[in-house]
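Inspection log for the structure reproduced underneath, given as structure tokens.
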Amino acid sequence: MSSEAEICRKKIKRTLFCNDRISALPDDLLLHILCLIPTKDAVTTMVLSKRWRSVWTMLPKLDYTENSEGEKCVWNFLDKSLQLHRAPSLERLRIDLGQQCPVDVGVGKWVLNAVDRCVRELLLKIRFIPTADPTSLPKSLYTCKALVKLSLCGAILIDVPSSACLPSLESLVLAKVMYKDQDSHVKLLSSCPVLRYLLVCRNKSDNVTRFIVKLPSLRKLTYLDFPPLICNADSGRFLVIDSPGVLSQVACCSEINFPRLIEFKLHTYYSDNWLKPLMLLLHNAPKLKALKITSACHEHPLSWNQPSSVPGCLLSHLEIFKWKKFGGSREEKQFLAYILANSNCLKTVGISLRPSKNDEEKKKIMEDVESMYRVSASSQLLF
């Protein structure tokens, strides 16, 4: 028993001897109290008395996080406490492991344990040393019917079986993971018929060039593509709104729709020619209300061709348009002018300029933007 646990036990035991009202509370209320403190502290209450010995084992939410100081035993504690935990179902399991964790810990065993108990929220973050191989997850994860929220971050290999089916999954985060092949993420997304929120944060070597998003149920999409160590405009990495045809490094299909998408965030770090796929998305998202763009710190080649028809979301739904690190290039101004001239319902336009611009350049860009025609007379322009 650790000295910290011993001190905690003595303090609380003295209180209990005087007037043990807490122990007299029903288990449901005790569990509610234990859910308000860190999992490790909740487990520590087992040493207080016989009454407390098994209360924590029915916790519906478990959180195991390696702290910034490098809590070397967090994975050992995790393994032992999961073996003792006996709740028939899990509301949430959160595991965050750092670089001090051995690469051969039983991550797959822990995930399987959660899946077997119909976990609803699984948040897994693994920050092994950079040279370590990514961790594979059990195939049963991809057929978990109870799973509503899934967040996978770090050294994790996405290897999706053909039988994948996640009928309840509404929120999915894929952050800096590795994909087994080009089709892995496609199989994963196609197995999520009710997915509403998707966040994708890619790294420089995730094994995918064309990231394909084909999700009619989607309401909110955040896509970040961080640059390789050496910027290569010919790397071929790009976001695909749909896949049947390929046109100028953009795969698309005009009949595929995103009828429920209401907010879209685009981070264009070191991405070229992102205007064309963005316009395709606007045409396919008729109810989009918020469009938020964050550009790279440096200018990259863009190509703007005004479409023959105005996207429906601009005509009747778009209310918020924000652009961070706006550079003021000709193509950027043309696109911005198009948005302002065609967004009938626009309420807020937020523009922040690229930090590399000097005061004179910023003043000129702001004047140019202020002079642009806005079809929505009530819209506010904020710098």
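So how do 263, 370, 332 rank on accessible area, 1.4 Å probe, biggest first, that is with the largest at the start? Show your work: numbers first, answer last.
Numbers: 263 35, 370 105, 332 10 Å².
From most exposed to least exposed: 370, 263, 332.
How many angstrom separate the Cα center of segment 133-198 from the Cα center of segment 81-95?
Measuring centre to centre over Cα atoms gives 21 Å.
Tell me the net charge near residue 201. Cut-off is 13 Å between Cβ atoms, residue 201 excluded, with +1 for each Lys or Arg and -1 for each Asp or Glu.
On the way: positive: 125, 176, 202, 204, 265; negative: 206, 225.
Net charge around residue 201: +3.
What fraction of the Cα pairs in segment 69-128, stated in percent, has a spacing above 15 angstrom? Could you put the intermediate results ahead of the total?
On the way: 850 of 1770 pairs.
So the portion of pairs separated by more than 15 Å is 48 percent.
Can you give the local net charge around residue 158? Use residues other than it whose beta-carbon is closer than 14 angstrom to its beta-carbon, Lys and Arg +1, Asp and Glu -1. Provide the component values of the computation, followed by the final result.
Numbers: positive: 139, 176, 180, 187, 202; negative: 133, 159, 181, 183, 206.
In short, 0.
Would you please give the residues with an amide H less than 5 Å from that of residue 293, counting only those at least 5 places away or on a separate chain, with H modeled from the backbone geometry?
266, 322, 323, 324
In the neighborhood of residue 90, defined by Cβ-to-Cβ distances under 13 Å, what is the net charge if each Lys or Arg adds +1 and each Asp or Glu adds -1?
Details: positive: 61, 86, 92, 94, 117, 120, 149; negative: 63, 91, 116, 121.
Its environment carries a net charge of +3.
Please give the solvent-accessible surface of residue 289 in Å², to the nearest 10, using a probe radius of 1.4 Å with every protein chain present.
Spelled out: residue 289, probe radius 1.4 Å, area about 90 Å².
Ordering 297, 153 from largest to smallest accessible area (1.4 angstrom probe), what's the sequence?
297, 153
On the full set of protein chains, 1.4 Å probe, figure out the accessible area of residue 133 and give it in Å² to the nearest 10.
130 Å²
Taking 30 Å as R0, compute the FRET efficiency from the Cβ-Cβ separation of residue 204 and residue 316 and round it to 0.05. Spell out each step's value before the answer.
Details: r = 39 Å, r/R0 = 1.31.
Once rounded, the FRET efficiency stands at 0.15.
For residue 41, what accessible area in Å² do you get when you roll a 1.4 Å probe over the heavy atoms of the protein chains, rounding to the nearest 10?
Residue 41 has an accessible surface of roughly 70 Å² with all protein chains in place.
For segment 206-223, just list the computed ³J(HN,Hα) in residue order, Karplus coefficients 6.51, -1.76 and 1.60, θ = phi - 60°, integers in Hz, with x standing in for Gly and Pro.
Couplings: 8, 6, 10, 9, 9, 8, 9, 10, 9, 9, x, 7, 5, 10, 9, 10, 10, 10 Hz.
Largest first, what is the accessible-area ranking of 330, 86, 202, 120 with a 1.4 Å probe? Before the final figure, lay out the partial values.
Values: 330 165, 86 140, 202 0, 120 100 Å².
So the residues, ranked largest to smallest area, are 330, 86, 120, 202.
For segment 105-218, which whole percent of the accessible surface, found with a 1.4 angstrom probe, sits on carbon and sulfur atoms? Can you show the working numbers first?
On the way: 2470 of 4510 Å².
That share works out to 55 percent.
The values are calculated or read from the model by the stated rules, or taken from the named source; none is laboratory data. If you're wondering where the values come from, they're calculated on a predicted model, not measured in any experiment. So basically every Cβ, Gly included, is an ideal-geometry build from the backbone, and we count neighbours across all protein chains shown. Side chains included, ligands, DNA and RNA excluded: accessible areas come from the protein's heavy atoms. Shrake-Rupley method; radii C 1.70, N 1.55, O 1.52, S 1.80 Å.
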